[in-house]
């Protein structure tokens, strides 16, 4: 309904300069899912928004819903700015790719609290100097796997995604949505036991405890997640590293 005011916590996924002094924001919110908003005058030197409307900022927002597609930012306070993340190149890149994955995969205005909390945990890890592995490929792929799961596109890993066979799972099929056995591997690609173990463990363990794996296995995991989302969510993610 036009004229409604919405108060929500949200993370800025993307911030785009608009006009002479405004910003267009792509937000993922705790209570309203994906939102688009305009912050009028945000780029003016004395703007009341300061520098808070940048990617990765976690904010408490007041938004006014008008007649257009974009809501208008009327109030903002910072929950967390993740300042250390911004001073580390690998962490900055990892955070940007995580936000991009959220943009591509979660486009609904319906809230997905597990997805929101997952992104918050990942940004907090990237901001934590005690977590040197956080910006690495293992954690990035663990984030993608968990994001696919909370979005409803978790790959089948327990048995063949085509016939249900629980043994001899030696390949992965994005079209089938999971691992496949030797009898169903037409059109699939080779999938090592290490890659399989990584995916199972990454889904079961916290992000900070992402399992280690060799580069070849990680490439297979990235391909498996990517092809699953391409076939079933019709989304193509940027390379994780």
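Every number here is computed from the coordinates shown, using simple stated rules; none is lab data. The model shown is predicted, which means the values in this text are computed figures rather than measured ones. Here the Cβ is made from the backbone with ideal geometry for all residues, glycine too, and neighbour counts use every protein chain on show.
Order 114-121, 159-166 from most to least packed using the mean count of other Cβ atoms within 10 Å.
114-121, 159-166
Could you tell me the distance between the Cα centroids of the range 107-155 and the range 9-66, to the nearest Å?
Cα centroid of the range 107-155 versus Cα centroid of the range 9-66: 21 Å apart.
Can you tell me the order of 71-81, 133-143 when each peptide is scored by its average per-residue count of other Cβ atoms within 10 angstrom, highest first?
With the highest mean Cβ count within 10 Å placed first, the list reads 133-143, 71-81.
Given springs between every Cα pair under 10 Å in a Gaussian network model of the chain, which of 130, 48, 17 has the largest fluctuation?
Among 130, 48, 17, the largest GNM mean-square fluctuation belongs to 130.
Once every Cα of the range 1-94 carries one equal point scatterer and solvent is ignored, give the base-10 log of I(q)/I(0) from the Debye formula at q = 0.16, 0.19 Å⁻¹, two decimals.
-0.63, -0.87
So what is the calculated 222 nm ellipticity per residue for the chain, using -39500 (n - 2.57) for each DSSP H run with n of 4 or more, over all residues, to the nearest 500 deg cm²/dmol?
-10500 deg cm²/dmol
Enter the angle in degrees (range 0 to 90, nearest 10) between the Cα long axis of helix 113-127 and the first principal axis of the Cα atoms of the chain, meaning the one along which they spread out most.
Relative to the chain, helix 113-127 is tipped by roughly 90 degrees.
When Rg is the radius of gyration of the Cα atoms in the range 65-116 and Rh is its Kirkwood radius, what does Rg/Rh come to?
Taking Rg over the Kirkwood Rh, I get 1.04.
For the chain, calculate the relative contact order in percent as a whole number, restricting contacts to Cα pairs under 8 Å that are 6 or more residues apart. If you can, show how the numbers build up before the last one.
Numbers: 474 pairs, mean separation 37.6, N = 241.
Relative CO of the chain lands at 16 percent.
With a ≥ b ≥ c taken as the square roots of the eigenvalues of the C-alpha gyration tensor of the range 108-181, please select rounded if a/c is under 1.5 and otherwise prolate if a/b is larger than b/c or oblate if it is not?
Oblate shape, in that a/c is at least 1.5 and b/c is the bigger or equal ratio.
Please report, for the Cα atoms of the range 89-232, the Rg to one decimal and the Dmax as a whole number; what are they, in angstrom?
That works out to 15.2, 47 Å for Rg and Dmax.
Quick check: the angle from helix 193-204's long axis to the longest principal axis of the chain, C-alpha only, nearest 10 degrees?
Tilt of helix 193-204: around 40 degrees.
Any chance you could give the angle, 0 to 90 degrees and rounded to 10, that helix 215-232 forms with the longest Cα principal axis of the chain?
70 degrees
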